[in-house]
Amino acid sequence: MDTTPKKPIPQEAAPYEILAAGYDLVMSHVDYEEWAIYIHQVLMKHRPENVETVIELGCGTGLFAIELQPLADYTMAGIDKAPNMIRFAKERAEWEGIPVQFEVADFTDFKLDQCVDAMILLQDGLNYLLHTDAILRLFSCVYNGLKAGGLFVFDLSTPHNSINNAAYFDDEDEEGGFHYIRKSHYEPISRIHTTQFTLNFQQQTYYETHIQQAYTFEEIHQLIQQTPFMFLAAYHDTSLKPANSESERIHWVLQKPA
Ligand SMILES: C[S@@+](CC[C@H](N)C(=O)[O-])C[C@H]1O[C@@H](n2cnc3c(N)ncnc32)[C@H](O)[C@@H]1O
């Protein structure tokens, strides 16, 4: 009789189902404190008179929201469609004593009980939408949930990011019993950026496939023109300079007319 312990068969998991447990490790290169200061500055620049209530869409494990909330004692909430990301976000908020509410919701299909002053969507959230009709649904939900004069700030990873930084998208790391290997492939014709994670966690191997669409400045600008939003700015990376044709990341600022 063969008594060798059988290796568990690798399992396919939904995006962020397992990665949630190691998301902070994968994102350890991102300075969320700096990013929150930047977004706070953008909100102050475009609506200095009044931003009190803020919702972060696609908030993940709450890394950004936890940094932004204390900067102006924002009344803040975060939504994400991945239940495990929200579970970690809730744990973080409780552990750090930061008052942010987190809930599972799809940012292309949500309704708020009360309109807010600003909504934010960062770190490629929009790139996860593979079709422009989904982006228009996102814009419509955000528009309906903002007060008159409210702001929508979101970032976009462009094809330049996928092309110029290809080397950084393949890596491997381990911490606290969570190990990941990340391999990424960018298809320049379709501009589809596929990231394959192999995750080892709790004696089990999992695969997660994340598919993103790299949109150009012009594509997003044209979509905005189909909405009632006012276009206020498109910033190059985390600056207050206008985005240009080489920008790898763009921060867009839209406003619901007052
Ligand atoms: C790269 S993570 C960014 C998380 C967070 N914004 C951050 O900066 O760490 C993208 C997040 O978007 C979420 N997401 C993707 N599509 C979504 C959708 N339709 N509705 C809500 N969340 C979504 C994912 O679950 C994931 O948590």
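The values are calculated or read from the model by the stated rules, or taken from the named source; none is laboratory data. Everything numeric here is computed off the predicted structure, so don't read it as measured data. Heads up, the Cβs are rebuilt from the backbone with ideal geometry, glycines too, and the neighbour counts pull from every protein chain shown.
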Selected residue [among the hydroxyl-bearing types (Ser, Thr, Tyr), touching a residue at least 12 places away in the same chain (Cβ under 8 Å), within 15 Å of the ligand (Cβ to nearest atom) and surrounded by fewer than 20 Cβ atoms within 10 Å (Cβ to Cβ)] from 53, 132: 132
For residue 200: the one exception among (1) under 18 Å from the mean Cα position of the chain (by Cα); (2) more than 30 Å from residue 144 (Cα to Cα): (1)
Condition met for residue 93 (part of a helix (DSSP H, G or I) and either more than 10 Å from the ligand (Cβ to nearest atom) or on the phi < 0 side of the Ramachandran plot (or both)): yes
Meets criteria (closer than 18 Å to residue 64 by Cβ and within 15 Å of the ligand (Cβ to nearest atom)) for residue 126: yes
All positions within the range 74-90 that are within 12 Å of residue 56 (Cα to Cα) and away from the ligand (no atom under 12 Å from the Cβ): 74, 75, 76, 77
Tally of residues being charged (D, E, K, R) and buried (at least 24 other Cβ atoms within 10 Å of the Cβ) across the range 56-90: 2
Any hit, the range 147-167, residues being part of a strand (DSSP E or B) and at pLDDT below 95: no
Hits in the range 62-87 - residues which are touching a Phe, Trp or Tyr at 6+ places or on another chain (Cβ under 7 Å), assigned to a helix (DSSP H, G or I) and not polar (S, T, N, Q): 63, 64, 67, 68, 85, 86
The listed residue being in a helix (DSSP H, G or I) and surrounded by 14 or more Cβ atoms within 10 Å (Cβ to Cβ), out of 179, 221: 221
Residue ID - nearest to the chain's Cα centre (by Cα), chosen from residues in the range 111-144 that are among the charged types (D, E, K, R) and assigned to a loop (DSSP other than H, G, I, E, B): 124
Those residues of the range 200-257 which are at pLDDT below 95 and either in contact with a Leu (Cβ under 6 Å, 6 or more places away or on another chain) or outside the structural domain of residue 170 (by TED's automatic domain parsing) (or both), in sequence order: 244, 245, 246
Residue identified as without any contact (Cβ under 8 Å) to a residue 40 or more places away in the chain and not β-branched (Val, Ile, Thr) among 71, 112: 71
Qualifying residue in the range 81-88 (condition: out of contact with any strand residue (DSSP E or B) (no Cβ under 8 Å at 6 or more places or on another chain), at pLDDT below 95 and among the polar types (S, T, N, Q)): no
Cβ pairs under 6 Å, 6+ apart, first in the range 188-211 and of a type in the set (Phe, Trp, Tyr), second crowded, with 17+ Cβ neighbours inside 10 Å and assigned to a strand (DSSP E or B): 197/180; 197/182; 197/208; 201/178; 206/13; 206/199
Residue count for the range 1-42, restricted to those that are part of a helix (DSSP H, G or I), of a type outside the set (Phe, Trp, Tyr) and within 16 Å of the ligand (Cβ to nearest atom): 14
